[in-house]
Amino acid sequence: DRLKLSFEKRKQFAKSAAAASLFDIMVAKNSNLCVAADVPTAEKLLEITKLVGPYICVLKTHHDIVDNFTDDTAVELQKLAKKFNFLIMEDRKFAEIGSIALKQASKVAGWADLVTAHSNAGPDIVPALRSAFSTCPEGDKKGVFLVAEMSSKGNLHSPEYAKATANMAILYPEVVSGLVCQSPSVVPSLGVLQLTPGVNLETKGDSLGQQYNTPEVVVGEKGADIAVVGRGIVSVSDPAAAAQKYQTLLWQAYLNRLA
Ligand code: S5P
């Protein structure tokens, strides 16, 4: 049972190098928190990263919503990732035929350790992204998270779609480090990580379809290995304190799950 096994033990089953290093980081930092750094400018992105860096295992970016995101921004992000020991995930959700996804991913593969992708175009999105990685130094240490399910109201991700997505993780175990999903039964093997967004202690949702749960529910019931918190941390007055609080609650929920 995946949910009863520690991250230390699960690391032994990881076939993707990025998943293995994620397990290491999570254990070293006692953190299963991913912050979605959805802020409007490069300055704010670096500022928020410095504030939350000590508390996270993954920093998730949407670099295309950041004004003046430059190569220098990427270099600074990488320095912070090294300093605070976290991985950078560009949440681009690639969803194209392989040849285009390869070209799109080549734009971010230089600085992102992880990228997200939809599975709707079929399994060849995975080797396409692997090809984009392969042109970078240490490209074989990078990984993909496939979106099997979504957190938003009315989404079209059926159980069959989620299952077919999980099968792609089995087909390409060296490249698919994890799945983005909402239910505990989707993840097909012990070495694959479950990333689950939709976490907020203050509110149940937003006005555009997002749906939230608490850390306890997301980790304990929905099966998240890593939970994503965006506005619950980046849109409050003290993001560092909020990050510390979510880190503590999420890690406690993981310990409770093991017990
Ligand atoms: O199903 C999903 C998948 C993702 S990756 N639902 C999501 O909300 N996300 C991402 O998680 C979304 O793109 C955003 O960056 C983050 C949630 O942010 P929050 O502010 O709602 O916590």
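Restrict the search to the stretch 83-113; then list the trypsin sites (Lys or Arg not before Pro) that DSSP places in a loop and that have at most 15 other Cβ atoms within 10 Å of their Cβ.
Taking the stretch 83-113 and a limit of 15 other Cβ atoms within 10 Å, the loop trypsin sites (Lys or Arg not before Pro) found are LYS107.
Which value at 222 nm does the chain reach when only helices count, each DSSP H run of 4 or more adding -39,500 (n - 2.57), with the total divided by all residues and rounded to the nearest 500 deg cm²/dmol? Spell out each step's value before the answer.
Working: 10 runs with 105 residues, N = 259.
The helix contribution divided over the chain gives -12000 deg cm²/dmol.
Treat each spin label as a single point 7 Å out from the Cα along the C-beta direction, and report the SER99 to LYS9 distance in nm.
Placing both labels 7 Å along Cα→Cβ, they lie 4.8 nm apart.
Please give the length that would be gained between LEU255 and TYR161 if that part of the chain were fully extended, namely 0.36 nm times their separation in residues minus their C-alpha to C-alpha distance (nm, one decimal). Intermediate values should be presented prior to the final figure.
On the way: separation 94, 0.36 × 94 = 33.84 nm, distance 3.06 nm.
Going from the current span to full extension adds 30.8 nm.
Report the dimensions of the stretch 150-244 along its three principal axes from the alpha-carbon atoms, largest first, rounded to Å.
44, 29, 21
Within the P(r) computed for the stretch 5-75, what percentage of the Cα pairs occupies the region above 14 Å? Before the final figure, lay out each step's value.
Working: 1567 of 2485 pairs.
Every Cα pair in the stretch 5-75 considered, those over 14 Å come to 63 percent.
Please list, by residue number, every one of the GluC sites (Glu not before Pro) in the stretch 130-191 that is coil in DSSP and has at most 11 other beta-carbon atoms within 10 Å.
Details: sites: GLU138, GLU149, GLU160, GLU174; in loops: GLU138, GLU149, GLU174.
Of the GluC sites (Glu not before Pro), the ones in loops of the stretch 130-191 whose Cβ has at most 11 other Cβ atoms within 10 Å are GLU138.
I'd like the distance separating the alpha-carbon centroids of the stretch 13-76 and the stretch 181-259, in whole Å.
One Cα centre to the other: 16 Å.
Tell me which residues come under 5 Å, amide H to amide H, from VAL147 once H is placed; ignore anything under 5 positions away on its chain.
ALA117, HIS118, SER119, VAL180
List the lysines whose Cα lies under 16 Å from the Cα of LYS93, skipping any in the same chain that are fewer than 8 positions away.
Reachable lysines: LYS60, LYS103, LYS107, LYS142.
What do you get when you divide the Cα radius of gyration of the chain by 2.2 N^0.38 Å, with N the number of residues?
Working: Rg = 16.6 Å, N = 259, 2.2 N^0.38 = 18.2 Å.
My calculation over the Cα atoms of the chain gives 0.92.
Once label points are set 7 Å from the Cα along Cα→Cβ at both ALA28 and LEU201, what is their separation, rounded to one decimal in nm?
With each label point 7 Å from Cα toward Cβ, the separation is 2.7 nm.
Take each uninterrupted DSSP H stretch in the chain, measure its Cα extent along the helix axis, and return the ones at 24 Å or beyond whose mean Kyte-Doolittle hydropathy is at least -1.0. Display every interim value, and only then the final one.
Numbers: long enough: 239-258 (28 Å, -0.20).
Taking the DSSP H segments of the chain (at least 24 Å long, mean hydropathy at least -1.0), we get 239-258.
Quick one: grab the alpha carbon gyration tensor of the stretch 1-150, order the square roots of its eigenvalues as a ≥ b ≥ c, and give me rounded if a/c is under 1.5, else prolate or oblate depending on whether a/b is larger than b/c. Can you show the working numbers first?
Numbers: a/c = 1.63, a/b = 1.02, b/c = 1.61.
Since a/c reaches 1.5 but b/c is at least a/b, the shape of the stretch 1-150 is classed as oblate.
What trypsin sites (Lys or Arg not before Pro) in the stretch 153-228 are in a loop by DSSP, with at most 16 other Cβ atoms within 10 Å of the Cβ? If you can, show how the numbers build up before the last one.
Values: sites: LYS153, LYS163, LYS204, LYS222; in loops: LYS153, LYS204, LYS222.
Listed in order of number, the matching sites are LYS153, LYS204.
For the chain, with only Lys/Arg (+1) and Asp/Glu (-1) charged at the beta-carbon, what is the dipole magnitude about the Cα centre, in debye rounded to 20? Can you show the working numbers first?
Working: 27 positive and 27 negative charges, 120 e Å.
Dipole magnitude for the chain comes out near 580 debye.
Hey, can you grab everything whose amide H is under 5 Å from the amide H of LYS60? Only 5+ residues off in sequence or another chain; H modelled, so Pro and N-termini drop out.
So LYS60 has HN proximity to VAL35, ALA36, ALA37, MET89.
No lab work stands behind these numbers, since they all come straight from the coordinates. Note that this is a predicted model, so its numbers are computed, not measured. All Cβ positions, even for glycine, are placed from backbone atoms using ideal geometry, and neighbour counts span all protein chains on display.
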